[in-house]
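Bear in mind that the values in this text are calculations on the coordinates, not laboratory data. For clarity, every value in this text was computed on a predicted model and none was experimentally measured.
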């Protein structure tokens, strides 16, 4: 991958990392510290039925999955994997990422159905 | 982020006698790997939501014990370190505080410890 692409990858990782400081902070405070945490199924459903919370959770889900998988790629690049392996890796991680995001959204949808 | 392609992972976490910047990056990488593993675990636990109220409530009951709570505090420390050191790396990329990066590393460590203690008191 060219240096230019690596720079964009770094910028994306930094940008999603910065977003995560906010989104993960809100996720932890809203889900685990407010009212003693979400300790029952009913509490989880009531919590997610607030559209603002749902929006926060979906945004958090997408951002954290991207940042985590891009981080895995960055670490694997440091092991010196060849360029064609990196191209395959990016494709695999993209599929894994989309599946993880859809799985999370599916859980939200099932809870709110 | 390091772009060095040494072709080996040997020495990634060999921080003995290395300068603070190296230790900070080794810790950033180690906490990142831990957080990816935790993300998969978190997905696994939340899968119990799909099995209905009894499964989820049972899972929460199973996790309500001191051992899990101590692990949760460890997780909070790992998240805080990774996030605060991430901010430190971002500032350095913007050429802010590069000369004070070592002091910033110690501040990141101390702040992570203090905020973990605050979280611990909130969890009591």
How compact is the protein assembly as shown by the rule of thumb for globular proteins, expressed as Cα Rg over 2.2 N^0.38 Å?
1.08
Specify the inter-centroid distance of the range A:69-113 and the range A:24-50, based on alpha-carbon positions, in whole Å.
26 Å
Shape descriptor, the range A:3-112: equivalent ellipsoid semi-axes (Cα gyration tensor, sqrt 5λ, whole Å, largest first) stand at 32, 15, 10
Degrees between helix B:20-46 axis and first principal axis of chain B (Cα, 0 to 90, nearest 10):
20 degrees
Given the DSSP H assignment, sum -39500 (n - 2.57) over each helix run of at least 4 residues in the protein assembly as shown and divide by its residue total; what's the result at 222 nm in deg cm²/dmol, nearest 500?
-26500 deg cm²/dmol
Relative to the longest principal axis of the C-alpha atoms of chain B, give the angle of the C-alpha long axis of helix B:66-93, reported between 0 and 90° and rounded to the nearest 10°.
30 degrees
Between helix A:83-112 and chain A: long-axis angle, C-alpha atoms, 0 to 90°, nearest 10:
10 degrees
Considering the Cα trace of the range B:20-123, what is its radius of gyration and what is Dmax, both in angstroms?
17.0, 55
For the range A:11-57, the Rg and Dmax computed from alpha carbons only, in angstrom:
12.5, 40
